[in-house]
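Step one of this worksheet: look at the structure below.
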Number of protein chains: 2
Amino acid sequence: MKKILVLGAGLSSSSLIKYLLDHSDEYNRGIRVGDMSLEIAQKKVNNHKNGEVFEFDVLNEQQRIKEIQNADVVISMLPARFHHLVAENCVEHNKNMITASYVSKEIKALNEKAKEKGLLLLNEIGVDPGIDHMSAMKVIDEIKSKGGKILAFKSSTGGLVAPEFDNNPWNYKFTWNPRNVVVAGQSVAQYIDHGKYKYVPYSQLFRRVERMTVLDAGEFEMYPNRDSLSYRETYGLENIPTILRGTLRRPGYSEAWNVFVQIGATDDTYKIENSENLTYRDFINSFLPYNLKDPVELKLCNYVKIDIESEIMSRLKWLGIFEETKIGMPNASPAQILQKLLEEKWALDSEDKDMIVMQHQFEYRLNGKNKLITSSLVVKGKDQVHTAMSITVGIPVAIATKLFLKGVIKQKGVIVPTMKDVYEPVLKELEEYGIVFIEEETDLD
Amino acid sequence: MKKILVLGAGLSSSSLIKYLLDHSDEYNRGIRVGDMSLEIAQKKVNNHKNGEVFEFDVLNEQQRIKEIQNADVVISMLPARFHHLVAENCVEHNKNMITASYVSKEIKALNEKAKEKGLLLLNEIGVDPGIDHMSAMKVIDEIKSKGGKILAFKSSTGGLVAPEFDNNPWNYKFTWNPRNVVVAGQSVAQYIDHGKYKYVPYSQLFRRVERMTVLDAGEFEMYPNRDSLSYRETYGLENIPTILRGTLRRPGYSEAWNVFVQIGATDDTYKIENSENLTYRDFINSFLPYNLKDPVELKLCNYVKIDIESEIMSRLKWLGIFEETKIGMPNASPAQILQKLLEEKWALDSEDKDMIVMQHQFEYRLNGKNKLITSSLVVKGKDQVHTAMSITVGIPVAIATKLFLKGVIKQKGVIVPTMKDVYEPVLKELEEYGIVFIEEETDLD
């Protein structure tokens, strides 16, 4: 029996491994799962008759090559920085590879060699990147095939707590890597609006939000992502006058988060002296000018020009940033201190479920009329293992693997899923897993 | 005749080389001046009987070693990143070295070896660092010797245009490296105020100014420098509750400059697409949200919350940032574009003279009373060659070189001029060159 090799069995692999095992007889493959922790790998494979587990060290080249040689498709769910090690071995030893991560320049460099050898290196087939590519390209190709001209494309995604479990004033809990949330946006955001390049520095990012409604999931606000411009080439929209990608949060999140940005509490470039012995109140005070008479709350309000009775202040107070609680973390950067506090406050409770929300907006012109298509997705987690994040990252990877083994996906080389013969069958099967985009069209004239 | 080797004959070496030549008979040394440009070296040496010039390439190791071997003291006025190459060769070949630049970790590492060999590596003996160290240490040592306890030390320096030639609404012209002015402050400023650590991110830096008056030079404002904390150790002020170092500008400069900081126009981390074909008006517009109806001026005012009739706007308009003038600079970062514009507007006219302003403030407690000493310096340039910057950087280096050769300075190893036996004779002779600190003392109770 040939093997599918899955490297990395963390949270994002749960739904992936389950799907691969469930379908293992269909494409006649064993699933061999390697992780740094044998226990985690065992938990995910759960003694399935077609499953195997092993302890895996990505930096052990001998082991990496041996495992890759014994598989015909390799799925890398490792931290992104390790993918290229796996990819290079795959091409060397004539194996195909599938990942949910961005194409790095190292992986891009393997394109010619992979094509020559007739290998597939399919990347960016998780949720964002992944489902966003496929669902956007479906609409873009449809508009183009009707002869429409696309005038504007805006696309945004957010990972949030499901509304039923949304019970804090930020309407946010960590459903993924907390660090990424704390340091999000710390390089300039670039996009085009009506033909004009726009550059948004970090200090303005959380003021530059747009409101939107997504199906019955309610209201959201979107702040711009760093890189919207490269999607022109990826999606074949080279001359589009407006393109903007963003991240979704609930309304009010950004203006409160912006207080941390403005005072410098998200900075990760230096360490706070004596951080373990300071309180969170001291931490906030360290960003404010010295003033003997005013309490920290009032100094902060004056400094960032907000009202002491405002909703922004309610959100900040709820986090406990004004409390005399010791940080207890030595040699920490502001971002690390803030993350520690947020991990206590924004943790999912044991019964909480998460939610992935995505919306594309396409303005286009056809037969002299301007129209708007919105394509929206809301996916909620099933439980604490099969979270919305795990489902939307893992299921597309798993489906693509199956379709490749069944000969449906015939592409070769380093690709992302923007081709119709890839996205069409994957999107179709995703619907069986509750990943269904709702498209709505309205006239703009 | 033994030689003093001067490496680098740029603007900051003018007064240095003149002093060395003027005093060459006194300490019986020839002055050998090397620069990338033989012409520049010749101009500075001006056929003096004890002067020699040569074309110098710092990256030519053979030449570097040969020249160093033929000297007994080496003065490096090269760009700071090259000092360590010179320093390493000096120690290897038993030569002494003097520079006006900060002690790098590479140079620090040479301390033991230099001491063993009985060599002097004197650094930070220009203006800032240099004159600031010496003049501050003089007062610190005096207060300590009286038994006073220093409660607060604030020190600031600025290079500006002399008041007689100050004729633009920013009250500023470039008197030194323009790039350093454009990107100034782009990492967090750290200081202590009344025993509390304070951290100021770039986006708040130009709001955190303090006003001060310096002698008859008038009013200034000071924004915090990146690193005030390390001066505690340098100056023996380990437990001081307040220490702050800053940069001086004329009042109003910072709030107008802050507009560029807020919109992101000083960012040097990415390139503006198609920059050569944009106008300065387009450049400013690229930082502002799209809006069909408002002119760029109004959009900017709304965005950064300033009045269209304000002095801030007068300063911005005077720079020409709203004009339809082509930038004409390909592949440029925001900081590079802004620098290009400012170099046109903030250039010194051919008759203009510059000015160096420095002020230290010391609060101390003695016999139950709190007192304040201010120590202030104003130096104006003599002409376009012997600028205030060239005088204040070069003359202390030159005096220290002479005092070393005459056996007055006896220190060995890697040092900065904080010792009394170094700063006292140097400060004394500096007075002959118009570099005179005015000390004033007042009671605070």
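FYI, it's all coordinate maths here, none of it is from the lab. Small disclaimer: the values here were computed from a predicted structure and weren't measured. Every residue, glycine as well, gets a Cβ built from its backbone with ideal geometry; the counts of neighbours run over all protein chains shown.
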For this session: Within a 10 angstrom radius of each residue's Cβ in B:199-209, how many Cβ atoms of other chains show up on average? Whole number is fine.
Result: 5
Problem set entry | 10 Å beta-carbon shell around A:TYR27, net charge (K/R +1, D/E -1) | +2
For this session: Please work out the C-alpha center-to-center distance from region A:83-140 to region B:217-266 and express it in whole Å.
Result: 49 Å
For this session: May I ask you to list the aspartates and glutamates whose Cα is less than 18 Å away from that of A:LYS2, ignoring any residue fewer than eight positions away on the same chain?
Result: A:ASP22, A:ASP25, A:GLU26, A:GLU52, A:GLU67, A:ASP72
For this session: Using Cα positions and a limit of under 12 Å, work out the aspartates and glutamates in reach of A:LYS113, with same-chain residues fewer than 8 apart set aside.
Result: A:GLU88, A:GLU92
For this session: Note down, for region B:98-140, the three equivalent ellipsoid semi-axes (square root of 5 times each alpha carbon gyration tensor eigenvalue), biggest first, whole angstrom.
Result: 22, 12, 8
Exercise. Hey, what do the phi angles of region A:176-193 turn into as Karplus ³J(HN,Hα) couplings, whole Hz, using 6.51/-1.76/1.60 and θ = phi - 60°, x for Gly and Pro?
Worked result: 8, 4, x, 4, 4, 6, 5, 9, 3, x, 7, 9, 4, 8, 10, 8, 10, 10
Problem set entry | Neighbour-limited loop hits for trypsin sites (Lys or Arg not before Pro), region A:4-73 (at most 13 other Cβ within 10 Å; DSSP other than H, G, I, E, B) | A:LYS49
Exercise. To one decimal place, what orientation-averaged projected area in nm² is obtained for the convex hull of the Cα set of region A:263-345?
Worked result: 5.3 nm²
Seminar exercise, completed: Per residue convex hull volume, Cα only, chain B, in Å³ is 159 Å³
For this session: Counting other Cβ atoms within 10 Å, keep those with at most 12, restrict to DSSP loop, and tell me which trypsin sites (Lys or Arg not before Pro) in region A:384-440 are left.
Result: A:LYS406, A:LYS410
Exercise. Under 16 Å from the Cα of B:LYS369, which aspartates and glutamates turn up, not counting those fewer than eight places away in the same chain?
Worked result: B:GLU441, B:ASP443, B:ASP445
For this session: Hey, could you get me the Stokes-Einstein D for region B:2-123, Kirkwood radius over alpha-carbon pairs, 20 °C and 1.002 mPa s, rounded to whole µm² s⁻¹?
Result: 150 µm²/s
For this session: Return one quarter of the surface area of the convex hull spanned by the alpha-carbon atoms of region A:84-172, equal to its mean projected area, in nm².
Result: 9.7 nm²
Exercise. Could you give the distance between the Cα centres of region A:329-363 and region B:323-393, to the whole Å?
Worked result: 44 Å
For this session: Return one quarter of the surface area of the convex hull spanned by the alpha-carbon atoms of region A:163-268, equal to its mean projected area, in nm².
Result: 7.7 nm²
Exercise. In percent, how large is the relative contact order of chain B, given Cα pairs closer than 8 Å and 6 or more residues apart?
Worked result: 21 percent
Seminar exercise, completed: Each residue of A:286-299 has, on average, a number of other protein chain C-beta atoms within 10 Å of its C-beta equal to 3
For this session: Over 55 Å, how big is the tail of the calculated P(r) for the protein assembly as shown, in percent of all Cα pairs?
Result: 26 percent
Exercise. If you take the C-alpha gyration tensor of region B:223-269, multiply each eigenvalue by 5 and take the square root, what semi-axes do you get, largest first, in whole Å?
Worked result: 29, 13, 7
Problem set entry | Helical mean residue ellipticity (222 nm; -39500 (n - 2.57) per DSSP H run of 4+; nearest 500) of the protein assembly as shown | -9500 deg cm²/dmol
Exercise. On alpha-carbon atoms, Rg over Rh for region B:152-221 using Kirkwood Rh?
Worked result: 0.99
Seminar exercise, completed: Hits for chain A under the membrane-span-like helix rule (DSSP H, Cα axial span at least 24 Å, Kyte-Doolittle mean at least 0.5) are A:388-405
Problem set entry | Shielding by partners - mean other protein chain Cβ count within 10 Å, residues of B:266-276 | 2
Exercise. Given the pairs A:LYS345/A:LYS380; B:LYS18/B:LYS66; B:LYS95/B:LYS146; A:LYS271/B:LYS412, which span a C-alpha to C-alpha distance of over 32 angstrom in this model?
Worked result: B:LYS95/B:LYS146; A:LYS271/B:LYS412
Exercise. Of the GluC sites (Glu not before Pro) in region B:213-303, which ones lie in a loop per DSSP and count no more than 10 other C-beta atoms within 10 Å?
Worked result: B:GLU238
